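See below for the structure under consideration.
Coordinate-derived values only; no laboratory data. Predicted, not measured: the structure shown is a model, and the values here were computed from it. Every residue, glycine as well, gets a Cβ built from its backbone with ideal geometry; the counts of neighbours run over all protein chains shown.
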Amino acid sequence: MAAVISLGNRGDLKAAVPLARCALEHPTDIVLAREIVAALRKLPGGPQKEAALTLLQGHPAPAVRKAAAAAGPPKEPRATGKAL
């Protein structure tokens, strides 16, 4: 757990996908997986972070899938057809 927190604090995008794979390799450890999502939230945006969050959206635990979806980039607002 300390390693996961430390990697999140370092902000190194190279850790994103390995962290997600760790969560998927231990599907019954929901606490670890949620901490991994929290660590991913701390990372700067980039394709590695997006790939990791996408992987975690396939996690067997609904709580982890939901957390990963919420940690993703904000959705673009829909066009309403009205001029701003």
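Tabulated data
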| item | result |
| --- | --- |
| Search result, residues across the range 22-37 that are free of Cβ contacts under 8 Å to residues at least 40 places away in the same chain and surrounded by 14 or more Cβ atoms within 10 Å (Cβ to Cβ) | CYS22, LEU24, ASP29, ILE30, LEU32, ALA33, ARG34, GLU35, ILE36, VAL37 |
| Residue check, LYS49 surrounded by fewer than 21 Cβ atoms within 10 Å (Cβ to Cβ), closer than 12 Å to GLY72 by Cα and within 11 Å of the chain's Cα centre (by Cα) | no |
